[in-house]
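Quick notes on the structure that follows.
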Amino acid sequence: MLELRNVTKAFRETLAVNNVSLTFEPGQMVGVIGRSGAGKSTLLRLINRLIPASEGEIAFEGTSVGTLSGRELRAWRARCAMIFQQFNLVNRLDVLTNVLIGRIGTAHTLPVMFKHFPADDRATAALALDRLDLLPQALQRADTLSGGQQQRVAIARALVQNPSLILADEPIASLDPRNARLVMDALRRINQQDRITVICNLHTLDAARAYCDRIVGMAHGRVVFDGSPEQLTARV
Ligand code: ADP
Ligand code: ADP
């Protein structure tokens, strides 16, 4: 359903992503591993068209993502929910409002300022928080939560976008082991219950092995491994 064909991204002389071809099936949970600088976050940013590819094609359900513009491009980005290492919540807003931002995108600041959200959006956001065991924190300021809780708020914010894909860029790199487990458990549960494809950059092999159906290894912009955790274990 999501297909990358011979995709290259050059930043001047650096080939951040170098002739990568990958196909992602609906409902997969994929761990992308590799050292810092391997091209993992560039890969995610190419998929949601935050940056354009230098060469090659990215297609979702047969439609090329590279030629989208305006409303179609915004719609595509909404279908690719992003999770970041540093959570990217609005600290001074409460948790529920942070999740509601997922319903409207970040371009519309007025409803956020005045907290004018339709009742059904508020219900949707509350349900998402409940799925992540964060309903009791709904009215707390985001920055009063622990890092692991904040990352689960970011997952709730992603969920209410009704995404086809969740693109997670080092979602557990800032967390202690316990919170890392809670966040990966939450991503896996959503992946399986909602059949949302999750593509997750991870810098540790252990997390990828424990949670993902498939591991893609990158080095110097290229895919150097693509297979199951068992196949990876057999190789190293
Ligand atoms: P990773 O996520 O695996 O750490 P990145 O995708 O961030 O790797 O980076 C891959 C390579 O591309 C690195 O050499 C990085 O310095 C380079 N790079 C990434 N983004 C840019 C940019 N906006 N401008 C120039 N070089 C970049
Ligand atoms: P990562 O966490 O993936 O290693 P970085 O810290 O390397 O990311 O990069 C953070 C930001 O800086 C990204 O937006 C990336 O595009 C940009 N960047 C990375 N490398 C370079 C570079 N060599 N020149 C310019 N921008 C870069």
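The values are calculated or read from the model by the stated rules, or taken from the named source; none is laboratory data. No experiment lies behind these values; they were computed from the predicted model shown. Here Cβ is always computed from backbone atoms with ideal geometry, including for glycine, and neighbour counts include all displayed protein chains.
Computed values, structure above
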| item | result |
| --- | --- |
| Boolean, Ala207 is more than 16 Å from ligand 1 (Cβ to nearest atom) and not in a strand (DSSP E or B) | no |
| Every residue from the range 81-100 that is more than 16 Å from ligand 1 (Cβ to nearest atom), crowded, with 22+ Cβ neighbours inside 10 Å and not polar (S, T, N, Q) | Ala81, Phe87, Leu89, Val95, Leu96, Val99, Leu100 |
| Of residues in the range 168-204 being acidic (Asp, Glu) and in a helix (DSSP H, G or I), the one farthest from ligand 2 (Cβ to nearest atom) | Asp194 |
| Given (1) among the hydrophobic types (A, V, I, L, M, F, W, C); (2) away from ligand 1 (no atom under 16 Å from the Cβ); (3) modelled with pLDDT of 95 or more; (4) closer than 30 Å to Gly147 by Cα, index of the condition Leu2 fails | (4) |
| Selection within the range 37-58 - more than 10 Å from ligand 2 (Cβ to nearest atom), touching a residue at least 60 places away in the same chain (Cβ under 8 Å) and assigned to a loop (DSSP other than H, G, I, E, B) | Asn48 |
| Residues located in the range 210-224, provided they are part of a loop (DSSP other than H, G, I, E, B) and of a type outside the set (A, V, I, L, M, F, W, C) | Asp213, His220, Gly221 |
| Residue in the range 105-116 that is within 16 Å of ligand 2 (Cβ to nearest atom) and either of a type outside the set (S, T, N, Q) or crowded, with 17+ Cβ neighbours inside 10 Å (or both) present | no |
| Every residue from the range 5-36 that is touching a residue at least 24 places away in the same chain (Cβ under 8 Å), within 9 Å of ligand 1 (Cβ to nearest atom) and not in a strand (DSSP E or B) | Gly34, Arg35, Ser36 |
